[in-house]
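Read the structure below first, then the notes.
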Amino acid sequence: MLNDDDEYDVVCEDVALTRTRIKRRQCRGRFELEGLSAEEQRRLEDGLLPGTNSAEILRKKGIVLDKMESIANENEEFREALFDLTRISRDFEAAKNER
């Protein structure tokens, strides 16, 4: 197991965009979702930071990046998966921008 802290588990769900029935797959750290009001969760769904806990969320996102870097340095399979994700994301953005 690469993640030994439940607070940093990734939770994915299909969420309807605000004021629409269009759903998209959304994955967030458990720490981003727990303890937020419904309004703050809607702000997250819209890609905005929640008002009350934004500093704490940003701090914990930094911790996540540090943990990912540490795991990538220790685990070749995880490191390769991150490289693949980076390549796929870059190619997707390039194809999207060509349209």
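The values are calculated or read from the model by the stated rules, or taken from the named source; none is laboratory data. Keep in mind the model is a prediction, meaning the values are calculated, not measured. Note that we place each Cβ from the backbone using ideal geometry, even for glycine, and neighbour counts take in every protein chain shown.
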Looking at (1) within 16 Å of the chain's Cα centre (by Cα); (2) outside any strand (DSSP E or B); (3) of a type in the set (D, E), which is the only condition E80 fails?
(1)
Pair list, Cβ < 6 Å and 6+ apart or interchain, from the range 40-56 residues that are closer than 17 Å to T18 by Cα and charged (D, E, K, R) to residues that are at pLDDT 70 or above and surrounded by 13 or more Cβ atoms within 10 Å (Cβ to Cβ):
E45/V15
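Name the single residue that is modelled with the lowest pLDDT among those in the range 1-15 being of a type in the set (D, E, K, R) and either more than 14 Å from the chain's Cα centre (by Cα) or outside any loop (DSSP other than H, G, I, E, B) (or both). Give the derivation first.
Of the residues in the range 1-15, the ones of a type in the set (D, E, K, R) are 4-7, 9, 13-14.
Of the ones still in play, those that are also either more than 14 Å from the chain's Cα centre (by Cα) or outside any loop (DSSP other than H, G, I, E, B) (or both) are 4-7, 13-14.
On the way: D4: 81, D5: 85, D6: 87, E7: 86, E13: 87, D14: 90.
Top of the filtered list is D4.
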When (1) touching a Lys or Arg at 6+ places or on another chain (Cβ under 6 Å); (2) modelled with pLDDT under 85 are applied to A72, the one that fails is (2)
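Every residue, every condition in (1) exposed (fewer than 10 other Cβ atoms within 10 Å of the Cβ); (2) among the aromatic types (F, W, Y), yes or no:
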{"position": "Y8", "(1), (2)": "no, yes"}
{"position": "E39", "(1), (2)": "no, no"}
{"position": "K67", "(1), (2)": "no, no"}
{"position": "I71", "(1), (2)": "no, no"}
{"position": "R79", "(1), (2)": "no, no"}
{"position": "A94", "(1), (2)": "yes, no"}
